[in-house]
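K.L.:
This is the structure, below, for whatever I ask next.
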Amino acid sequence: MVTGRLPSSSLTGAVDGAGGLYIGGNFSTVNGATCRGPARLLLIGNGTLDATFPCNRANVLAQTVAFDQGRVFGAAFNQPLRRFLQALGGAADPDWSAPVDVAPTRFAFDASRVYVTGGFGQISNVPRDGLAALPVVDRQFLDGFESP
């Protein structure tokens with residue numbers, strides 16, 4: 001059983017298939033530890049925080065999270081869409097950050113794109129009108145519907 005003390009406001013989750021549950025939301029602590037989303041909880045460890053994916057970030061957070069192919073994508077109000085990498089110790093990838101005018105959003109994936117939906121009107125200063133397909137591997141941020 002996974003247990004823990006989490007606030008109930010704006011909580012989202014994504015399972016990674018390797019024993020981890022990524023959570024995002026409006027919280028500043030998890031089980032008494034300083035933590036801002038995304039955080040990775042260990043399913044086998046009864047919901048303890050994964051020490052290899054630190055979440056004691058000061059200024060980057062994610063209220064909405066999604067997981068795909070070793071990457072955690074997050075969105076938060078007044079912050080860009082971000083990709084968080086296990087290889088960077090859970091830090092936000094400096095090469096993948098897309099400014100968005102409104103968030104949080106929702107994510108879906110295929111082999112090369114992240115599909116983003118939400119109430120936004122632009123991403124990276126380009127009109128998107130609530131739906132965009134962005135490349136997951138680089139920071140071109142061309143609309144994937146026109147340029148795969």
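The values are calculated or read from the model by the stated rules, or taken from the named source; none is laboratory data. Model, not experiment: these values are computed from the prediction. All Cβ positions, even for glycine, are placed from backbone atoms using ideal geometry, and neighbour counts span all protein chains on display.
K.L.:
Quick one: in the stretch 109-123, which of the residues that are out of contact with any Asp or Glu (no Cβ under 9 Å at 6 or more places or on another chain) and in a strand (DSSP E or B) is surrounded by the fewest Cβ atoms within 10 Å (Cβ to Cβ)?
P.N.:
Restricting to residues being out of contact with any Asp or Glu (no Cβ under 9 Å at 6 or more places or on another chain) and in a strand (DSSP E or B), the top hit is T117.
K.L.:
For the stretch 27-47, how many residues meet the condition of being under 12 Å from A62 (Cβ atoms) and part of a loop (DSSP other than H, G, I, E, B)?
P.N.:
5
K.L.:
Please go through the stretch 36-66 and give me each residue that is surrounded by fewer than 23 Cβ atoms within 10 Å (Cβ to Cβ) and either touching a Pro at 6+ places or on another chain (Cβ under 7 Å) or at pLDDT 85 or above (or both), ordered by number.
P.N.:
L42, L43, I44, T48, L49, D50, A51, T52, F53, P54, N56
K.L.:
What number of residues within the stretch 108-148 satisfy the criterion of being aliphatic (A, V, I, L, M), out of contact with any Lys or Arg (no Cβ under 7 Å at 6 or more places or on another chain) and either within 14 Å of D68 (Cβ to Cβ) or modelled with pLDDT of 85 or more (or both)?
P.N.:
Final tally of qualifying residues: 8.
K.L.:
Pull out all pairs, ordered by first then second residue, where Cβ-Cβ is under 6 Å, the residues are six or more apart or on different chains, the first lies in the stretch 57-85 and is in contact (Cβ under 8 Å) with a residue 24 or more places away in the chain, and the second is hydroxyl-bearing (S, T, Y) and surrounded by 19 or more Cβ atoms within 10 Å (Cβ to Cβ).
P.N.:
Hits for this filter: T64/T12; V65/T12; V65/Y22; F67/Y22; V72/Y22; A75/T64; A75/T105.
K.L.:
Kindly provide the set of residues from the stretch 64-107 that are assigned to a strand (DSSP E or B), out of contact with any Lys or Arg (no Cβ under 9 Å at 6 or more places or on another chain) and aromatic (F, W, Y), ordered by number.
P.N.:
Initial filter on the stretch 64-107 (assigned to a strand (DSSP E or B)): 64-68, 71-75, 81-85, 92-98, 100, 106-107.
Right, trim to out of contact with any Lys or Arg (no Cβ under 9 Å at 6 or more places or on another chain) and you get 65, 67-68, 81-82, 94, 106-107.
Across the stretch 64-107, the qualifying residues are F67, F107.
K.L.:
If R106 meets every condition in (1) surrounded by 21 or more Cβ atoms within 10 Å (Cβ to Cβ); (2) within 21 Å of G25 (Cβ to Cβ) apart from one, which number is that one?
P.N.:
If we test R106 against (1) surrounded by 21 or more Cβ atoms within 10 Å (Cβ to Cβ); (2) within 21 Å of G25 (Cβ to Cβ), just (1) comes out false.
K.L.:
Same structure, new question: Please go through the stretch 52-103 and pick out each residue that is among the β-branched types (V, I, T), within 11 Å of the chain's Cα centre (by Cα) and over 18 Å from L21 (Cβ atoms).
P.N.:
V60
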